[in-house]
Amino acid sequence: MAHQDYVKRPKSSNKKNSPYKKKSKQPNDSVGVSLKTKIIGLFTIILIGAFSYGLWSIKDQTVENNMQETSTPVASPKDKVKLPEPPKEKWQYREELASKEVEEGQYEVVDKGPYKMQCGSFRKKEQAEVMKAKIAFSGITSQVVESNGSNGTWFKVVLGPYERKRVAEKDKHKLRRNKITTCQIWLWR
């Protein structure tokens, strides 16, 4: 048997009654209120009335009457009992801490010196200028430095000098957010 495609099939022209819909015996059934709705409404009104009567009946009772019935007698000020003395301390750390002096060390903060950040090293100056332009678009100024070595001439893109490494790290993270991830931080020497 062939598969029937119900989605692409056109709608039928004759209108049949759905077998799933309830057939009403009375044509104006939606106008009246059903018996089930009337019973639920009546039951709800009875519950609200019973709850209101319960609250009204307990409103005259006071809290003091209930407290007197359930509370225990309170001792009068004449019957005050003297508290025992606190126990003797077993430890001596309180006296030792009061007389203890802390030695202060002589520490020098050594400044390692200025830092530089290198973001690229290229054989062609045009490539270095392109990297410098990318860095400039992120809001940081850089410079191209020519370096002659045993391997030939290199053009380095350098940022700095930075007094503290933390400031250099801040610029490095700013460049990383702008997708420049080749930067390294070194001491300036």
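A short reminder: the numbers here are calculations on the coordinates, not readings from a lab. A quick note: this is a predicted structure, and the numbers were derived from the prediction, not measured. FYI the Cβ positions are ideal-geometry reconstructions off the backbone, even for glycines, and counts take in every protein chain you see.
Along region 153-161 the Karplus relation, 6.51 cos²θ - 1.76 cosθ + 1.60 evaluated at θ = phi - 60°, assigns HN-Hα couplings of 9, 10, 10, 9, 9, 10, 10, x, x Hz to successive residues, with x for each Gly and Pro.
Shape verdict for region 115-187, please, from the Cα gyration tensor: rounded (a/c under 1.5), prolate (a/b greater than b/c) or oblate. Oblate is the answer for region 115-187, as a/c is 1.5 or above yet b/c matches or exceeds a/b. In the structure shown, the pairs K38/K59; K124/K170; K116/K174; K112/K134; K125/K174 are assessed against 26 Å; a Cα-Cα span above that value is assigned to K38/K59; K124/K170; K112/K134. In terms of packing, defined here as the mean over residues of other Cβ atoms within 10 angstrom, the peptides 140-146, 36-42, 154-160 line up highest first as 154-160, 140-146, 36-42. Derived scalar couplings between HN and Hα for region 162-174 equal 10, 5, 10, 5, 4, 5, 5, 5, 4, 5, 5, 5, 5 Hz in order, rounded to whole Hz, by the Karplus curve 6.51 cos²θ - 1.76 cosθ + 1.60 (θ = phi - 60°), x for Gly and Pro.
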